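Shown next, in C-alpha cells, is the structure this report addresses.
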Ligand SMILES: Cc1ncc(COP(=O)(O)O)c(C=O)c1O
C-alpha cells in the first residue's frame with residue numbers, strides 16, 4: 001500500500017475504534033451458553049444473577065404502570081425517591097428524597113458518579129469487575145488496594161492511607177474510594193470497626209466514599225446488620241443499591257443512589273443529573289413505579305427476600321464445602337450468592353498434572369474440559385498467579401421457575417435432586433482436578449473453611 005494510502009487508513013474511523021472488552025461476567029455467560037448449545041453438560045457458576053423468580057406482586061405493579069410512556073424527571077419520580085428514602089431511613093440512614101437519584105441500574109449511576117468525580121479511584125482488591133473498568137472508561141486510574149483478611153469489599157484502611165499519601169506526593173491525588181458491603185466477589189462482609197477506620201482515613205485524606213450496598217439485604221445471618229460508611233462519614237458518602245440482587249430484577253435495570261446531604265452532595269447531585277440527562281434522560285417509568293412499591297418493603301417482599309437469602313446461604317455453603325473437601329481454602333460465605341475458593345494448596349498438582357499456573361488457566365481448563373463456568377480472581381484484580389476464583393452458584397437453583405420456586409420453599413434446598421446433582425458433578429470435577437477421592441471427612445472440610453476464614 002502506498003504510504004499516503006496507509007496513513008489515510010490509519011486516520012479512518014473504520015480502523016480507529018477504541019477497543020473495550022465485554023465485561024467478564026457477561027462474557028462467561030455467553031461462553032457457557034455456547035457450550036450448552038453445542039450439547040456439553042455445563043455447570044453455570046460464572047454469572048452473578050440472583051437466579052430467583054420475580055415476585056408476582058412486582059410483576060403486577062410493573063404491569064399496572066406499563067402505559068406510562070413519558071420520560072419524567074431526570075432524578076426519578078417523587079414517589080420512587082420518597083420510597084427509597086424510606087428504605088434507607090429504616091436502615092439507620094435518615095434520607096431526604098431530594099438527595100436520591102434513580103437511574104437505569106446502579107451500574108449506570110456508578111458510571112455517572114465516577115465521571116462527575118473525575119479523579120483516580122481506590123478500589124478493593126479483589127473487587128467487582130466493573131469498578132476498574134468504569135474508571136478506565138472515564139479516563140481515570142483505578143488504584144487497587146488489598147482488603148483485610150476475611151473482610152472483602154473494603155480496602156485495608158492503613159494501606160489506603162499509604163496509597164493516598166503516595167498519590168498526593170506524586171501529584172495525582174486519589175479522589176474517591178469504592179467499598180462493597182457486602183462484597184462481590186468474596187461473599188463476605190467487612191466489620192463495623194473496619195468501616196469506621198476506613199471513614200477516618202477518608203476524612204483525613206479528603207476522599208469521597210462510594211458505598212455499593214446492592215447486596216445489603218442478602219446477609220445470611222439475618223440478625224447481622226450492615227454498617228454503612230454513611231453512618232460515620234455522612235458528608236462524603238454516596239450509597240447505591242438496586243432491585244437487581246435481593247429482588248432478582250437485574251433485567252429491569254433500576255437502581256438508586258443516596259447522595260450526601262451536604263454542600264458537596266448538592267454539587268455532586270447537579271453534576272450527576274447533568275450526566276444522567278445526557279446519557280439516559282430518566283429511569284424507565286414503569287420500572288420506577290414497581291421500584292417505589294419494592295422500596296416500601298411490603299411484607300410479602302420482605303418474606304420473599306428472607307427466603308431468597310436462606311436459599312443463597314444453603315447453596316453457597318454447600319458449594320464451599322465441596323471446594324474445601326477437594327483441598328481448597330474457602331472463606332465461609334456470609335452474604336449474597338458467591339463463594340471465593342483459593343486453590344493455592346493444589347498449586348503443585350495443578351501445574352504438574354494440568355500444566356496450569358494461573359487462575360485464568362485454571363478457569364479455562366474448567367470450562368473447556370469439564371464445562372464448568374467460573375471467573376478467575378484475575379478478573380477481579382487479583383494477581384494472575386493467585387489461584388482464587390469466584391463461584392456464583394445461584395444459577396443452579398433450577399432450570400425453570402417451577403424448580404426455582406421449589407428451591408425457595410425447600411427446608412434443605414441443597415438436597416433437591418437437581419441441585420444435589422449439580423453439587424455432585426462439582427465434586428466429580430474437583431476430585432479429578434485435585435486427584436483426591438473427593439470425600440474427606442466432614443470435619444476436614446470444616447477445618448479448611450475455618451482456616452481460610454481466619455486468614
Ligand atoms: C457489586 C455490584 N454492584 C453493582 C452491580 C450491578 O447492579 P445493577 O444491576 O444495579 O446495575 C452488581 C452486579 O453484578 C454488583 O455485583
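The values are calculated or read from the model by the stated rules, or taken from the named source; none is laboratory data. None of the values given here were measured: they were computed from a predicted structure. Cβ coordinates were reconstructed from backbone atoms using ideal geometry, including for glycine residues, and neighbour counts include every protein chain displayed.
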Q: Out of 58, 109, 26, report the one residue that is modelled with pLDDT of 95 or more, under 26 Å from residue 129 (Cα atoms) and under 24 Å from the mean Cα position of the chain (by Cα).
A: 109
Q: State which residue is farthest from the chain's Cα centre (by Cα) when the search covers only region 327-365 and only residues that are assigned to a loop (DSSP other than H, G, I, E, B) and without any contact (Cβ under 8 Å) to a residue 40 or more places away in the chain.
A: 355
Q. Can you name the condition, by its number, that residue 100 falls short on among (1) buried (at least 21 other Cβ atoms within 10 Å of the Cβ); (2) more than 16 Å from the ligand (Cβ to nearest atom)?
A. (2)
(Q) Restricting to region 366-412, name every residue that is within 27 Å of residue 124 (Cα to Cα), without any contact (Cβ under 8 Å) to a residue 24 or more places away in the chain and not in a loop (DSSP other than H, G, I, E, B). (A) 376, 378
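Mind checking which residues of region 22-52 are in a loop (DSSP other than H, G, I, E, B) and touching a residue at least 24 places away in the same chain (Cβ under 8 Å)?
Result: 23, 40, 41, 42, 45, 46, 47, 48, 49, 50, 51, 52.
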Q) If we keep just the residues of region 232-244 that are surrounded by fewer than 20 Cβ atoms within 10 Å (Cβ to Cβ) and in a loop (DSSP other than H, G, I, E, B), which is nearest to the ligand (Cβ to nearest atom)? A) 234
Q: Would you confirm whether any residue within region 191-206 is loosely packed, with under 15 Cβ neighbours inside 10 Å, under 12 Å from residue 226 (Cα atoms) and touching a residue at least 12 places away in the same chain (Cβ under 8 Å)?
A: yes
